[in-house]
Amino acid sequence: MGKTEETTTGRERLIFALDVPSRKEAEALADELADDVGVFKVGLELFVAEGPSLVRALTKRRPVFLDLKLHDIPETVDRAVARAVDLEVAFLTVHASGGSEMLERAAKRVEGTKTQILAVTVLTSSDAAMLASIGVSGTVSDHVLRLAKLASTRRITGFVASPHEVALLRGALPRETVLVIPGIRPSGTLANDDQKRAATPTTAIRDGASYLVVGRPIRDAKNRKEAARSIVLEIEAALR
Ligand code: C5P
């Protein structure tokens with residue numbers, strides 16, 4: 001998984017977001033979907049509620065993506081990364097805007113371990129006006145590219161990016177860079193509010209995504225296993 005294993009199957013490329021508030025719900029979903037998805041993503045809500053012991057339990061079923069989006073002084077992030085390495089998570093997120101030293105220390109900390117750092121550039125909740133308000137000029141894409149290139153020169157080999165930035169990053173970063181893409185809605189379900197920001201698995205994979213993150217379309221489906229399997233099939237078709 002992640003940096004050590006070749007990513008070949010559609011299932012391995014599907015990351016399911018365990019966006020639920022309790023261990024009970026997370027483990028029920030993990031048991032139900034362990035055969036149908038490749039990775040479980042644990043985000044802030046679940047981690048704050050249930051912590052490392054749940055992560056340990058989940059890694060016995062599938063690799064875990066710990067989505068904590070760390071951003072602090074380099075020393076503090078380095079020490080938190082070391083604890084995530086102890087948990088043997090496959091992926092851990094940090095904010096690229098934490099800067100060169102923070103990124104380089106995080107990247108160095110995971111060398112030779114099972115963990116890969118993924119850098120987050122600009123959150124999709126930010127637009128050009130929001131960036132301007134904190135003193136960042138230019139377009140969102142300009143800033144995404146600026147941060148991704150900075151992180152890439154600091155030994156960061158993976159990124160989380162919106163569907164709209166996959167192609168841009170795939171074209172600008174080293175070939176082996178891992179691109180993890182949320183904001184995915186299965187083909188045929190895009191006729192809703194998500195239309196502007198989301199992409200289908202087909203589009204994201206063709207644009208160069210390595211992994212797709214899917215939460216609600218699976219979690220809230222009537223038949224979750226069926227929903228996951230159909231996304232896997234769509235990924236596999238797009239890879240052909
Ligand atoms: O929208 P959905 O439920 O599929 O989102 C799954 C995960 O992807 C969530 O945990 C969320 O944090 C992440 N996400 C993101 N950026 C977006 C949309 C979702 O990081 N634009």
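Rule-based calculations on the coordinates, nothing more; no lab input. Source: prediction; values computed, not measured. When we count neighbours, we look across all protein chains shown, and the Cβ atoms used for this are built from the backbone with ideal geometry, even at glycine.
You will find that of Val48, Val89, Val94, Val37, the residue that is β-branched (Val, Ile, Thr) and either part of a helix (DSSP H, G or I) or farther than 18 Å from Pro182 by Cβ (or both) is Val48 and no other. The residue of region 194-225 that is nearest to Thr157 (Cα to Cα), among those that are surrounded by fewer than 17 Cβ atoms within 10 Å (Cβ to Cβ) and away from the ligand (no atom under 12 Å from the Cβ), is Arg206.
Give me the helices (runs of 4 or more DSSP H) completely within region 152-240, filtered to those with at least 1 residues that are free of Cβ contacts under 8 Å to residues at least 12 places away in the same chain, among the charged types (D, E, K, R) and over 22 Å from Val120 (Cα atoms), ordered by residue number.
Numbers: elements: 166-172, 201-207, 216-219, 224-239.
Where helices (runs of 4 or more DSSP H) fall fully within region 152-240 and carry at least 1 residues being free of Cβ contacts under 8 Å to residues at least 12 places away in the same chain, among the charged types (D, E, K, R) and over 22 Å from Val120 (Cα atoms), they are 224-239.
Among the residues here, Val144 qualifies as closer than 30 Å to Asp78 by Cβ and not hydroxyl-bearing (Ser, Thr, Tyr).
Looking only at residues of region 101-146 that are touching a Ser or Thr at 6+ places or on another chain (Cβ under 6 Å) and buried (at least 19 other Cβ atoms within 10 Å of the Cβ), we find that the one that is farthest from Ala84 (Cα to Cα) is Val144. Do you know which residues across region 5-34 are assigned to a loop (DSSP other than H, G, I, E, B), within 14 Å of the ligand (Cβ to nearest atom) and within 15 Å of Val89 (Cα to Cα)? Leu18, the sole residue that qualifies. Within region 70-84, being surrounded by fewer than 19 Cβ atoms within 10 Å (Cβ to Cβ) and either closer than 16 Å to Thr157 by Cα or among the basic types (Lys, Arg) (or both) holds for Arg79, Arg83.
Of the candidates Glu176, Glu165, the single residue that is among the acidic types (Asp, Glu), within 12 Å of the ligand (Cβ to nearest atom) and within 27 Å of Glu101 (Cα to Cα) is Glu165.
Of the candidates Lys149, Lys114, the single residue that is out of contact with any His (no Cβ under 8 Å at 6 or more places or on another chain) and over 24 Å from Leu44 (Cβ atoms) is Lys149.
Which ones in region 102-132 are of a type in the set (A, V, I, L, M) and part of a helix (DSSP H, G or I)? Steps first, please.
From region 102-132, those of a type in the set (A, V, I, L, M) are 102-103, 106-107, 110, 117-120, 122-123, 128-132; that's our starting set.
Matches in region 102-132: Met102, Leu103, Ala106, Ala107, Val110, Ala128, Ala129, Met130, Leu131, Ala132.
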